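Report on the structure given below.
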Amino acid sequence: MINKLFSNPNKSNFIVFLLVGYLIAAGCWWSYLLYVKNQDAWLAKIALLARELADEGLMEYADLQKNQSYQLINQKYSRQEKMIMGEGLVLIVLMIIGLRRVYNLHKKEELLQQQQQNFLLSITHELKSPLASVQLVLETMQKRDLSKEQQQKLTQHALAENERLKNHINAMLLSAKVEGGYTYSLQPLSLVQIAEELIEQEQLKYKGQIELLTTEDDCLIMADSLTMQTALSNLLENAIKYAADTAKIVVKVQPIGDKKVEFEVQDWGLGISKGEKNRIFDKFYRVGNEHTRQKQGTGLGLYIVKKVVEAHKGSITVVDNQPTGAIFRVVLDKYITQDLA
Ligand code: ADP
């Protein structure tokens, strides 16, 4: 019965709220009761003392307040009064903090559920649509007598769709790997060389100009080649995907001081609003505007980038570009070789 109640997150949250609410009300009530009982006990003790003193004919009732025993009783009970109020307050504050925490966890869980549902919807679409395209191409080739040129065009299309499918599957596998269990095998890599290779690869698909800005420095890092290249390529692919069709994209690789290096991707696309900047690195998160929805994606790209960069003890930030667009900046430790050191 209890298991059944707690298996439904909404019901179990309601029960937890109810319980904590009851505990807060009970805490207030017991504190008040203790306070009243303390006052009653004080009154009884004082009355007893007054009677004892009067019986012994030691003191008039009016002089009671000057009596030392009276003052000791008074001090003791006022200390107890403060203790009851203090403890009651701490209890209530702790319970309110607890309630707030439960509420935040509940909100987080709701968000995660929604993101997972979004992911399922988009991933189903993303996986199904290339498969459907390839099937259509194969059926067309089977049924129709096509010229060599038509066959070439269709094959090209099928290959591109296949590549898309492969990329999505790779992203899903990589995100599962970087969540735990992946062994990063570190080796010295040149950030400049990675940037050059990525740009060469992406420039084949992109009509606009991708410019590389570097210095004399090779910007060596100690990194895992597979995951680092995928992470940095995700940034460039996003700039291409979310920027206007032919807008310029700048990739900057440079040293920062003696110990750090920076890899920056700057685009002049729509940019990212203030409220979304923290959330775009969450798993499955996609900005919900019309422009983004038109683009294919799973919401895993930036999640992978953040995980990989953090695994390399680096940092990633996003700021607005001027007049529009976004700048993604990755900062990593510079690898200093023995000959240079
Ligand atoms: P996906 O691209 O598959 O949606 P990402 O994790 O790579 O997933 O990106 C998350 C969201 O961040 C995207 O849906 C997009 O709205 C936003 N985003 C990422 N890069 C950019 C960019 N360069 N310009 C504008 N928006 C971006």
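The numbers here are math on the coordinates, done by the rules we state, and not lab data. Because the structure is a prediction, the values reported are computed rather than measured. Cβ coordinates were reconstructed from backbone atoms using ideal geometry, including for glycine residues, and neighbour counts include every protein chain displayed.
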Percent of alpha carbon pairs in the chain separated by more than 37 Å? 48 percent
Mind jotting down the distance between the C-alpha centroids of segment 235-302 and segment 144-205, whole Å? 18 Å
At 20 °C in a medium of viscosity 1.002 mPa s, segment 243-290 has a Stokes-Einstein diffusion coefficient, with Rh taken as the Kirkwood radius over alpha carbon pairs, in µm² per second, of 161 µm²/s
Taking only Cα atoms and a 10 Å spring cutoff, compute GNM fluctuations for the chain and point out the largest among Ile15, Ile210, Ile304. Ile15
Pop out the ³J(HN,Hα) list for segment 223-238 in order, Karplus 6.51 cos²θ - 1.76 cosθ + 1.60 with θ = phi - 60°, rounded to Hz; leave Gly and Pro as x. 8, 8, 4, 4, 6, 5, 5, 5, 4, 5, 5, 4, 5, 5, 4, 5
Listed by chain and number, the lysines with an alpha carbon less than 17 angstrom from that of Lys66, same-chain partners under 8 positions apart left out, are Lys45, Lys76
Checking segment 39-101 for GluC sites (Glu not before Pro) in a loop per DSSP with at most 11 other beta-carbon atoms within 10 Å yields Glu56, Glu60
At 1.306 mPa s and 10 °C, Stokes D of segment 2-115 from Kirkwood alpha-carbon radius, µm² per second: 88 µm²/s
Would you kindly compute the Cα radius of gyration of segment 121-178 and its largest Cα-Cα separation (Dmax), both in Å? 14.0, 47
Return the calculated 222 nm mean residue ellipticity for the chain, to the nearest 500 deg cm²/dmol, obtained by summing -39500 (n - 2.57) across DSSP H runs with n ≥ 4 and dividing by the residue count. -21500 deg cm²/dmol
With x for Gly and Pro, the residue-by-residue ³J(HN,Hα) of segment 179-190, computed from phi through the Karplus equation 6.51 cos²θ - 1.76 cosθ + 1.60 at θ = phi - 60° and given in whole Hz, is 6, x, x, 7, 9, 6, 9, 7, 8, x, 10, 9
Whole-number percent relative contact order across the chain, with pairs defined as alpha carbons under 8 Å at least 6 apart: 14 percent
Direction-averaged shadow area of the convex hull around the Cα atoms of segment 218-308, nm²? 6.9 nm²
Once you have all Cα-Cα distances for segment 103-226, histogram them in 5 Å bins from zero and send the whole-percent values. 2, 8, 10, 11, 13, 14, 14, 12, 9, 5, 2, 1, 0
State which stretch of the chain is the longest one without any exposed trypsin sites (Lys or Arg not before Pro), exposure meaning a DSSP loop state and at most 16 other Cβ atoms within 10 Å. 1-143
For Tyr103, Tyr206, which order do you get if you count the other beta carbons within 10 Å of each Cβ and list the fewest first? Tyr103, Tyr206
What ³J(HN,Hα) values, in whole Hz, does the Karplus curve 6.51 cos²θ - 1.76 cosθ + 1.60 give for segment 121-132 when θ = phi - 60°, with x put for Gly and Pro? 5, 6, 5, 4, 5, 5, 7, 6, 5, x, 4, 5
How charged is the neighbourhood of Glu197? Take every other residue with its Cβ under 15 Å from the Cβ of Glu197, and add Lys/Arg as +1 and Asp/Glu as -1. -4
